[in-house]
Amino acid sequence: MINHGGDLDAISKKYNIKKDTLIDFSGNIGPLCISEDIKNIIINNIDAIKTYPDKTYENLKNAICSYCLCDKEDINVGNGATELISLFIKAYNPKKALILSPSYLEYEKELKNINCKISFFPLKEEEDFIPNIDLLIKSLKDIELVIICNPNNPTGYSIKNNDIKRILDNCKFLMVDETYAEFENNSCIPLTKEYQNLFVIRGTSKFFGVPGIRLGYCICKNKEINDKILKLKDLWSVNSFANIIGIHLFNNKDFIYKTKHIINTQKQMFYSELSNIKTIKLYKSNSNFILCKILDKSINSSMLFEKLIKQNIIIRDAKDFALLNDKFFRFCILEEDNNKKLIKELKNIFE
Ligand SMILES: Cc1ncc(COP(=O)(O)O)c(C=O)c1O
């Protein structure tokens, strides 16, 4: 089974720590909890469990449309970004795909499920894991599908639209997982109007901090792909609550503004507090998480994890990502109090 961040139940059991006392820097979940408004919406709509959700998700798609400024007929919704990654790969069914590496581990799993031949485009440590787009384009011969996580988990770097366009001009099909895009305001959704070979996936788990409702959506101009996805998808895979909550999340301008503000200011705090420590290196992030390398020879990522869990702090040990090793870890940005706790502990360990 693939190891993911945010596995609080397993960690709570293993270390015998109450789940609600854990401070989770591993799941990349946005810093704000669900607002009082949303709690009231759930309570006031409790009767929704008595009926099936609208199978066309008309109102939800309208809300996504105004949030993303895309065309409504180009949207499909799913049970988290996870369902849409799986459905798109099944629907497009490529024989040969290319993944940038290291990246999110589920793409490889889904491609293996359809017996697709997988190539990896290495993101190099000596280039701070920033992709060389010229080289990437040169390696696209025979490739039917390119998969990019943008910003990339776990490296945090995001490719800008001028380069995304160059890739689109040179590849058969491009799937972009924009699970973390709203943390940075860099999205290729506007390009879906021009490019039939672009499939963009989004979720609500991270930016809106609601992984439990399992709501994702995708945008693509290609009608054949959209129809295939609808054929493959289980009916009502987005449940009534996700349907109702989703509509309100996308309209919640105050929450959206506050989340962006916290991420921007707190990210700066992490860089200014930790950049001076000589025994860790922080990579530049365009997202809500930061990848770090331990330069101290006497500590590895598992040891660091064990030290921090004693303070109820969970970081993501990044050693199981391809091309990374037991010197890498990742943490996400939470609210100021918790961020300060992590900074204090990291300073104690590394200074
Ligand atoms: C890049 C990326 N895509 C997708 C997912 C899964 O998202 P969802 O909860 O919307 O299924 C994750 C979760 O960690 C992720 O990091």
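The values are calculated or read from the model by the stated rules, or taken from the named source; none is laboratory data. In this text the structure is predicted, and so the values were computed from the model without any measurement. As a convention, Cβ positions derive from the backbone with ideal geometry for all residues, glycine included, and neighbour counts pool all protein chains shown. Only protein heavy atoms, including side chains, enter the accessible area calculation; ligands, DNA and RNA are left aside. Shrake-Rupley method; radii C 1.70, N 1.55, O 1.52, S 1.80 Å.
Pairs are defined by a Cβ separation below 8 Å, a sequence spacing of at least 6 or placement on different chains, a first member in the stretch 204-218 that is over 15 Å from P151 (Cα atoms), and a second member that is among the aromatic types (F, W, Y) and more than 9 Å from the ligand (Cβ to nearest atom); the pairs so defined are F208/F255; I213/F241; C218/F88; C218/F199.
This table checks each residue for (1) in contact (Cβ under 8 Å) with a residue 40 or more places away in the chain; (2) more than 16 Å from the ligand (Cβ to nearest atom); (3) open to solvent by 10 Å² or more (accessible area, probe 1.4 Å); (4) of a type in the set (G, A, S).
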site: S158; (1), (2), (3), (4): yes, no, no, yes
site: L168; (1), (2), (3), (4): no, yes, no, no
site: C171; (1), (2), (3), (4): no, yes, yes, no
site: L174; (1), (2), (3), (4): no, no, no, no
site: K193; (1), (2), (3), (4): yes, yes, yes, no
site: N197; (1), (2), (3), (4): no, yes, yes, no
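Of these, P131, P151, which one is free of Cβ contacts under 8 Å to residues at least 60 places away in the same chain, within 16 Å of the ligand (Cβ to nearest atom) and not aliphatic (A, V, I, L, M)? Can you show your working first?
On the way: P151 fails: free of Cβ contacts under 8 Å to residues at least 60 places away in the same chain.
So the residue among P131, P151 that is free of Cβ contacts under 8 Å to residues at least 60 places away in the same chain, within 16 Å of the ligand (Cβ to nearest atom) and not aliphatic (A, V, I, L, M) is P131.
Here is a check on your reading of the model: is K206 of a type in the set (K, R), open to solvent by 10 Å² or more (accessible area, probe 1.4 Å), not assigned by TED's automatic domain parsing to the domain that holds L334 and not in a helix (DSSP H, G or I)? Steps first, please.
On the way: of a type in the set (K, R): yes; open to solvent by 10 Å² or more (accessible area, probe 1.4 Å): yes; not assigned by TED's automatic domain parsing to the domain that holds L334: yes; not in a helix (DSSP H, G or I): yes.
It is true that K206 is of a type in the set (K, R), open to solvent by 10 Å² or more (accessible area, probe 1.4 Å), not assigned by TED's automatic domain parsing to the domain that holds L334 and not in a helix (DSSP H, G or I).
Within the stretch 97-108, residues that are closer than 12 Å to L323 by Cα reach partners that are near the ligand (Cβ under 9 Å from one of its atoms) with beta carbons closer than 7 Å, at six or more positions or on different chains, in the pairs L100/N152; P102/P154; S103/C149; S103/N152; S103/N153. Is it the case that some residue within the stretch 77-87 is on the phi > 0 side of the Ramachandran plot, open to solvent by less than 10 Å² (accessible area, probe 1.4 Å) and within 16 Å of the ligand (Cβ to nearest atom)? Looking through the stretch 77-87, at least one residue is on the phi > 0 side of the Ramachandran plot, open to solvent by less than 10 Å² (accessible area, probe 1.4 Å) and within 16 Å of the ligand (Cβ to nearest atom). In the set D47, D24, D20, D9, only one residue is within 16 Å of the ligand (Cβ to nearest atom), open to solvent by 80 Å² or more (accessible area, probe 1.4 Å) and modelled with pLDDT of 90 or more; that residue is D9. The condition of being surrounded by 20 or more Cβ atoms within 10 Å (Cβ to Cβ) and assigned to a loop (DSSP other than H, G, I, E, B) holds for only one of S298, S287, that being S287. Just one of the listed residues (K221, K253) is open to solvent by 40 Å² or more (accessible area, probe 1.4 Å), free of Cβ contacts under 8 Å to residues at least 24 places away in the same chain and farther than 30 Å from K327 by Cβ, namely K253. When the stretch 110-127 is filtered for residues that are open to solvent by 40 Å² or more (accessible area, probe 1.4 Å) and acidic (D, E), the ones remaining, listed by number, are E125, E126, E127. Scanning the stretch 209-224 for residues that are more than 15 Å from the ligand (Cβ to nearest atom) and part of a loop (DSSP other than H, G, I, E, B) gives K221, N222.
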